[in-house]
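Participant: Quick one: this structure, given as structure tokens, is what I'll be asking you about.
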Amino acid sequence: MSNDKPQTFEQKLARIEQIVKQLEAGNVELDAAVALFREGKGLADECDTLLKGAQTQLTQAMGSPVSAPQAAGSDPEDQIPF
């Protein structure tokens, strides 16, 4: 594994932003664009996992059960927005 691979959420997000800029520039060959897209998608999935973990930690810290949002009558809109 390379030391250049983003490790933190912030590093992953910064790399995704770089990838988006490269793809939006429109001067990337198709094979490279596909590789960049796949890298960005993988990083986005990793960020999603990190955010869900942070939400779980916050929910636990607030003293609410993690499964509370799925309880009958609960509104997903009331959840912490990350």
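FYI, it's all coordinate maths here, none of it is from the lab. As the structure is a computational prediction, the values presented were derived from the model and not from experiment. As a convention, Cβ positions derive from the backbone with ideal geometry for all residues, glycine included, and neighbour counts pool all protein chains shown.
Participant: Describe numerically, in nm with one decimal, the distance between label points set 7 Å from Cα along Cα→Cβ at residue 24 and at residue 5.
Facilitator: It is 2.8 nm.
Participant: Within the set of other residues whose C-beta is less than 15 Å from the C-beta of residue 38, count the net charge using Lys and Arg as +1 and Asp and Glu as -1. Mind dumping the intermediate values first?
Facilitator: Working: positive: 5, 12, 15, 41; negative: 29, 31, 39, 45, 46.
With Lys, Arg at +1 and Asp, Glu at -1, the neighbours total -1.
Participant: OK, next. Can you tell me the relative contact order of region 1-58? Whole percent, Cα pairs under 8 Å, sequence separation 6 or more. Could you put the intermediate results ahead of the total?
Facilitator: Numbers: 20 pairs, mean separation 23.8, N = 58.
For region 1-58, the relative contact order is 41 percent.
Participant: Compute from the Cα atoms of region 1-58 the Rg and the Dmax, the latter being the longest Cα-Cα distance, and quote both in angstrom.
Facilitator: 12.9, 43
Participant: Please order 51, 13 by the number of other Cβ within 10 Å, starting at the fewest. Can you show the working numbers first?
Facilitator: Working: 51 12, 13 15.
Exposure proxy ranking, most exposed first: 51, 13.
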